[in-house]
Structure formats: structure tokens, C-alpha cells
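The values are calculated or read from the model by the stated rules, or taken from the named source; none is laboratory data. Everything numeric in this text was worked out from a predicted model, so none of it was measured. Backbone-built Cβ (ideal geometry, glycine too); neighbour counts: all protein chains shown.
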């Protein structure tokens, strides 16, 4: 899922893009409003993180232009402007949410996942969106969630991709290249530590005992396996 990040502060832009990449999105960075519109028209991102105060054309202008051609693509305004009137203007122009700087990583992730859920729910139903069981969990891709009885577990896009791939290949050992290509993309430079850390964090949320995992099992020297 492509996400356009339009932010003139390089550190904030790169930070947001890193957060999105970790979650499993394909971030596209723009340093000003003109560049943001160019990327929007060329890449057709599925949602947008849009700073208000940018050179060239500000976020409100960019939002107006985008809404002329696409009234539905989700837009999250990100701004240091804290006045209620600024938030109202952004939302009245067609923004779906408004985050005030400075912000925390957890807040950004929560809002991005909320937007993603609405985006996925609006798509026509497909086999890839259907809930599926894995271990004692039921994964709901459209919701970015898994359920264990009454317990709800929030998932990222990448978490869902990993679990769906394991579910589709019960008993098969999935090597690192396969996992990277399917869940990170063929352009990603493989790093074993990245994969191991991601799975370790995912196990903490989905396994009853992360030290004795039953859903994602390690096959030493080969990769990972779901027994089915």
C-alpha cells in the first residue's frame, strides 16, 4: 500500500517514512506541496500524510487539488498548528484526521492503522481479505486484527502478510528469501536481524508463550514454519 508523506522538515518526513516502512507500507516522500501533487498524480497513493505549512503550496491547497480529482483518498493532516479553527479548516477541506506536532510513534501508528482499516473495508471483497484461522487465532486482514476468543490483537500490514503466508503453506519451511520477497518486497535488501526481530515482536503479541511458540516455529538454519 503506497502512502504519500508530504512534509518539508526532513527529519519528520524521514521519521514518518521509517514508521510506515516498518508497518509494511510503501512510503513516498515529498518535501513541498508542488512535489506532493506531482507524486500524487504519478503514483496514485492509497492514502496521504500531509503537512499544513509547506513551501510552494501549503497543505490546504494540496488537499483542495487532490479533492478535485479524488474525493475518497484518505488524508491525514500533520501540523504544528494547534488552534481548533485550523483543525476545522483541515477537516472541512476533506481531511480525514488531524495530528498535532509533536506526536508520538504509537499515536501515528494507531491513526494510520485506523485509516488503513477504513481503506481495506471499502475495497470489494476478495479471497485475500477473508478471515483465516492460524493456530488458536482467527486473523481478520481487513481489520488488521487477530482474535483469540474475546482477546483482540492489533496487527500491522506486514504482520498480516506474514501470517497469511504461513497459513497458506502449512508444514512448509519458509526460507528468509521467500519471507522477505513476499512480505517486504523484492526491492528490500535482506537483513536477517530485521526478520528475526519482527517475528520476535510478533510472537510477543500472538503466542501464548513466546518462548515456546506454537504458531511461528523456528527451523534453525532454514527459516520459519507453521505446522498447521
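If the condition is being assigned to a helix (DSSP H, G or I) and within 21 Å of the chain's Cα centre (by Cα), then region 29-39 contributes 36, 39. Of the residues making up region 72-109, those that are at pLDDT below 80, loosely packed, with under 15 Cβ neighbours inside 10 Å and out of contact with any strand residue (DSSP E or B) (no Cβ under 6 Å at 6 or more places or on another chain) are 83, 84, 85, 88, 91, 92. Considering the conditions (1) in contact (Cβ under 8 Å) with a residue 40 or more places away in the chain; (2) within 27 Å of residue 119 (Cα to Cα), residue 149 is excluded by exactly one of them, (1). Is it the case that some residue within region 59-67 is without any contact (Cβ under 8 Å) to a residue 40 or more places away in the chain, within 22 Å of the chain's Cα centre (by Cα) and crowded, with 18+ Cβ neighbours inside 10 Å? Yes, that holds for at least one residue. If the condition is being assigned to a loop (DSSP other than H, G, I, E, B) and farther than 15 Å from residue 98 by Cβ, then region 67-83 contributes 70, 71, 72, 73. Would you be able to say whether some residue in region 1-22 is exposed (fewer than 15 other Cβ atoms within 10 Å of the Cβ), more than 27 Å from residue 141 (Cβ to Cβ) and under 20 Å from the mean Cα position of the chain (by Cα)? Within region 1-22, one or more residues are exposed (fewer than 15 other Cβ atoms within 10 Å of the Cβ), more than 27 Å from residue 141 (Cβ to Cβ) and under 20 Å from the mean Cα position of the chain (by Cα).
Residues in region 23-43 that are touching a residue at least 40 places away in the same chain (Cβ under 8 Å) and crowded, with 18+ Cβ neighbours inside 10 Å: 23, 24, 25.
Per the listing 113, 42, 64, 57, the residue uniquely at pLDDT 90 or above, over 19 Å from residue 27 (Cβ atoms) and part of a helix (DSSP H, G or I) is 64.
Considered as a group, the residues in region 127-146 that are over 16 Å from the mean Cα position of the chain (by Cα) and without any contact (Cβ under 8 Å) to a residue 40 or more places away in the chain include one that is nearest to residue 106 (Cα to Cα), and that residue is 139.
In this structure, residue 153 does satisfy being surrounded by fewer than 17 Cβ atoms within 10 Å (Cβ to Cβ) and either modelled with pLDDT under 95 or not assigned by TED's automatic domain parsing to the domain that holds residue 46 (or both).
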